[in-house]
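Student: Before we start, here is the structure in question, set down as structure tokens.
The values are calculated or read from the model by the stated rules, or taken from the named source; none is laboratory data. All of these numbers come straight from a predicted model, not from anything done at the bench. Here the Cβ positions follow ideal geometry from the backbone for every residue, glycine too, while neighbour counts run over all protein chains shown.
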Amino acid sequence: MLTRSPDALAATEGSKRGTSIRIEGVEQDFGAFPALRDVSLDIQPGELVALLGPSGSGKTTLLRVIAGLNSPDRGRILFDGENATNLPVQDRHVGMVFQNYALFKHMTVADNIAYGLRVRPRRTRPSRAAIKARVTELLQFVQLDGLGGRFPAQLSGGQRQRVALARALAIEPRVLLLDEPFGALDARVRKDLRRWLRDIHKQTGLTTVFVTHDQDEAMELADRVVVLNEGRIEQIGTPEELYDRPASPFVISFVGEAVALPVTISDGHVTFGGRELHIDTHGLRSGPARVFFRPADIAVAAEGSGDLEGRVESLRRTPAGVRATIAIDGYDQTLEIDSPLDRSASLGGRVPLSLAKARIFPADENGDYFNAGDGI
Amino acid sequence: MSEIAITSSGRGRGVKFRPVTHDSSFARYTLIATAVLFLAIFLFAPLAIVFVEAFSKGIGPFLTAFGDPDARAAIRLTLLVAAISVPANLVFGLAASWSIAKFSFPGKSVLITLIDLPFSVSPVVAGLVYVLVFGGQGLFGPWLAAHGVQIIFAVPGIVLATIFVTFPFVARELIPLMEEQGKIEEEAALTLGASGFKTFLTVTLPNIKWGLLYGVLLCNARAMGEFGAVSVVSGHIRGLTNTIPLQVEILYNEYNNVAAFALAVLLAGLALVTLGLKTFLEWRHADALSGRARRH
């Protein structure tokens, strides 16, 4: 939907491309509440990284620490290997797009975009004509040609978002930081802007970090996703790694749907409701544990086999087969399972179920789950 | 069929229909008449009398009242006091509301309460406090006298008392406004490379300018019209420490009605101008004023 002129693109390429960001043992407390706990992260030059987590997980705090809007209580931030921990926000040259855009409401779109250039000290400030030319280029770049004279209140959400981005790009930032960039937009605009942000990233080559609570958004856009929970990094990985090798129960539950079965490990055998599950326990110690699997990884098994058993609560015909709602014995929620027609299943009847893939996490003494063990 | 005869005009033979929020016309007119009568007796009549009395002997004596050197001195002093106390409270109000709205620090709620103190303390008490602190028998009195500084019964005392009384106007106007706006735009300006001061000038100030003007307007009206606190610290020295309100009282006590009301016209005129500007601001810039301001 969006095309860009090569000239406008060149304008944003004047910036230093691909700054690396290194975060070392960053901690931040808000009063008694720790917002970030021992966070370390390496972001490669030109990478597109998502900070993913539920609200209160510390993802926005981490973004603000990178921007220099918060100073961490402990730890260091390095840009291209240089310590930037005590570098004032004005000198970090970060392009920040705020959650609700934070456009200057009393200024026109053009003045908003020109702001970062106009506030420069006289020595480094471009001439009036140069600023004007740059604003025109950027307006074109974000597809808002001719709207420079409007005020933010006269724009739609998606347009404001793009003004905020143009304003951030105007200062030729070293890194681009976006806080919930699509949070305030409706679903259709979100989809367009996602693709657009990916393009912008590709074309500017800027190291880009964005915060989101939406796992689809993170998985679709980012090269790597950092999953945060309660101020701690749960896992850093590519979308594939997060889907296929989630490192913790939190990750597996937060990234996609998951079913959790309470099980017991004894001498390397996993039992659930008296049945043995054939899961490799990797020498995990005996005791309570939890088995996680995705709804797609459970299927109706052939008669006489299967790890689990369930009762068919309802049956519905689909083009390829049937969709059964099945209550697993010993589990309080029902599952929807698609199966081909040749598997015999009747309403109220019992069916064997097999797990294609599962992960097991033993509980610690508090009953919390930690330590990944590889599944089947 | 009488139920169906309910008509919007209410004149049908059936039940008279009217929306529940509409009172009967009798109640409506009684309420309006009461309000108008009240306003007429307590507001319009006194205001009218100020003008009637001032011009009771024609325009000549009215103007003569302003020729009196003491009256001129009073006007000059009032302008001087306002010229010092309003900017002082403008700076204070900005600083206080900025720190309260944009930072969290221990003692914040105490500061907010203290700002409201002048609203709850009688101005006379405020004046007395200054006499006790800076007066001849006061806390710093002997020290000040030894250094040849006179505060009480002199202009500095009047300025101090006025600043105290008008203390809350700008701050109370700006605090809710700034709290409502948050600091996100300022943060955006900082990330774009603006210094703190530049951010204040280019982002904060434009966002609060109408609220600030509104607060200054109210502050100025009060600074020029303050009687109680100023009366205590002034000493009523003619031509030296009398502000317009004090001069009005003196003239009135001397049965010099025309001169007294002539000066009163000046104050009333100030009040009317303030009211006019205030209404204009509320009408034109309602969205830029805080919710609190609009409720005044």
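Student: Inspect all residues belonging to the stretch B:178-185 and state whether any of them is modelled with pLDDT of 90 or more, at positive phi and assigned to a loop (DSSP other than H, G, I, E, B).
Tutor: No: the stretch B:178-185 contains no residue that is modelled with pLDDT of 90 or more, at positive phi and assigned to a loop (DSSP other than H, G, I, E, B).
Student: Inside the stretch B:61-146, counting only helices (runs of 4 or more DSSP H) that do not spill past its ends, which hold 3 or more residues that are touching a helix residue (DSSP H, G or I) at 6+ places or on another chain (Cβ under 6 Å) and under 22 Å from B:THR166 (Cβ atoms)? Outline the logic, then answer.
Tutor: Values: elements: B:69-102, B:108-120, B:123-134, B:141-146.
It comes to B:69-102, B:108-120, B:123-134.
Student: If you check every pair at least six apart or on different chains, which have Cβ atoms under 8 Å apart with a residue in the stretch A:161-174 that is free of Cβ contacts under 8 Å to residues at least 40 places away in the same chain first and a residue that is surrounded by 24 or more Cβ atoms within 10 Å (Cβ to Cβ) second?
Tutor: Listed pairs, sorted by first residue: A:ARG162/A:VAL142.
Student: Inside the stretch A:102-124, can you point out the residues that are buried (at least 17 other Cβ atoms within 10 Å of the Cβ) and under 32 Å from the mean Cα position of the chain (by Cα)?
Tutor: Hits for the stretch A:102-124 are A:ALA102, A:LEU103, A:PHE104, A:VAL109, A:ALA110, A:ASN112, A:ILE113, A:ALA114, A:TYR115, A:GLY116, A:LEU117.
Student: Counting just the residues of the stretch A:166-190 that are assigned to a loop (DSSP other than H, G, I, E, B) and in contact with a strand residue (DSSP E or B) (Cβ under 7 Å, 6 or more places away or on another chain), which one comes out nearest to the other protein chains (Cβ to nearest Cβ)? First the steps, then the outcome.
Tutor: Narrowing the stretch A:166-190 to residues assigned to a loop (DSSP other than H, G, I, E, B): A:171-174, A:180-186.
Adding the requirement that they be in contact with a strand residue (DSSP E or B) (Cβ under 7 Å, 6 or more places away or on another chain) leaves A:171, A:173-174, A:180-181.
Numbers: A:ILE171: 6, A:PRO173: 9, A:ARG174: 12, A:GLU180: 13, A:PRO181: 14 Å.
The extreme case among them is A:ILE171.
Student: Would you be able to tell me the number of residues in the stretch B:160-219 that are away from every other protein chain (no Cβ under 11 Å), surrounded by 21 or more Cβ atoms within 10 Å (Cβ to Cβ) and within 20 Å of A:GLY68 (Cβ to Cβ)?
Tutor: Adding up the residues that qualify gives 0.
Student: Please determine whether any residue of the stretch A:149-156 is free of Cβ contacts under 8 Å to residues at least 40 places away in the same chain, crowded, with 18+ Cβ neighbours inside 10 Å, more than 9 Å from chain B (Cβ to nearest Cβ) and touching a helix residue (DSSP H, G or I) at 6+ places or on another chain (Cβ under 9 Å). Break it down into steps so the answer makes sense when it comes.
Tutor: Of all residues in the stretch A:149-156, those free of Cβ contacts under 8 Å to residues at least 40 places away in the same chain come to A:154, A:156.
Filter once more, so that each one left must be crowded, with 18+ Cβ neighbours inside 10 Å: none.
The answer is no, given that none of the residues of the stretch A:149-156 is free of Cβ contacts under 8 Å to residues at least 40 places away in the same chain, crowded, with 18+ Cβ neighbours inside 10 Å, more than 9 Å from chain B (Cβ to nearest Cβ) and touching a helix residue (DSSP H, G or I) at 6+ places or on another chain (Cβ under 9 Å).
Student: Here is a follow-up. Restricting attention to the stretch A:140-148, does a residue exist that is more than 32 Å from the chain's Cα centre (by Cα), assigned to a loop (DSSP other than H, G, I, E, B) and of a type in the set (D, E, K, R)?
Tutor: No; the residues of the stretch A:140-148 include none that is more than 32 Å from the chain's Cα centre (by Cα), assigned to a loop (DSSP other than H, G, I, E, B) and of a type in the set (D, E, K, R).
Student: Which ones in the stretch B:147-167 are assigned to a helix (DSSP H, G or I) and touching a residue at least 24 places away in the same chain (Cβ under 8 Å)? Before you say what the answer is, go through the steps one by one.
Tutor: Residues of the stretch B:147-167 that are assigned to a helix (DSSP H, G or I), as a first pass: B:155-167.
If the condition is that a residue be assigned to a helix (DSSP H, G or I) and touching a residue at least 24 places away in the same chain (Cβ under 8 Å), then B:VAL155, B:GLY157, B:ILE158, B:VAL159, B:LEU160, B:ALA161, B:THR162, B:ILE163, B:PHE164, B:VAL165, B:THR166, B:PHE167 are the ones that fit.
Student: Can you find a residue that is surrounded by fewer than 17 Cβ atoms within 10 Å (Cβ to Cβ) and within 14 Å of another protein chain (Cβ to nearest Cβ) anywhere in the stretch A:125-140? Give the steps one after another, and end with the answer.
Tutor: Here is the first cut: in the stretch A:125-140, the ones surrounded by fewer than 17 Cβ atoms within 10 Å (Cβ to Cβ) are A:125-130, A:132-133.
Still in the running and within 14 Å of another protein chain (Cβ to nearest Cβ): A:125-126.
Yes, the stretch A:125-140 contains a residue that is surrounded by fewer than 17 Cβ atoms within 10 Å (Cβ to Cβ) and within 14 Å of another protein chain (Cβ to nearest Cβ).
Student: Looking at (1) under 30 Å from A:ASP91 (Cα atoms); (2) surrounded by fewer than 18 Cβ atoms within 10 Å (Cβ to Cβ), can you tell me which one B:TYR255 breaks?
Tutor: (1)
Student: Within the stretch A:191-207, can one find any residue that is within 14 Å of another protein chain (Cβ to nearest Cβ) and part of a loop (DSSP other than H, G, I, E, B)? Before you say what the answer is, go through the steps one by one.
Tutor: Initial filter on the stretch A:191-207 (within 14 Å of another protein chain (Cβ to nearest Cβ)): none.
Scanning the stretch A:191-207, I find no residue that is within 14 Å of another protein chain (Cβ to nearest Cβ) and part of a loop (DSSP other than H, G, I, E, B), so the answer is no.
Student: Please work out if A:ASP73 is under 21 Å from B:SER195 (Cβ atoms) and among the acidic types (Asp, Glu). Let's see the steps before the verdict.
Tutor: On the way: under 21 Å from B:SER195 (Cβ atoms): no; among the acidic types (Asp, Glu): yes.
Judged against the criteria, A:ASP73 is not a match.
Student: Quick check, is B:LEU139 loosely packed, with under 14 Cβ neighbours inside 10 Å, within 14 Å of another protein chain (Cβ to nearest Cβ) and over 24 Å from B:THR243 (Cβ atoms)?
Tutor: No.
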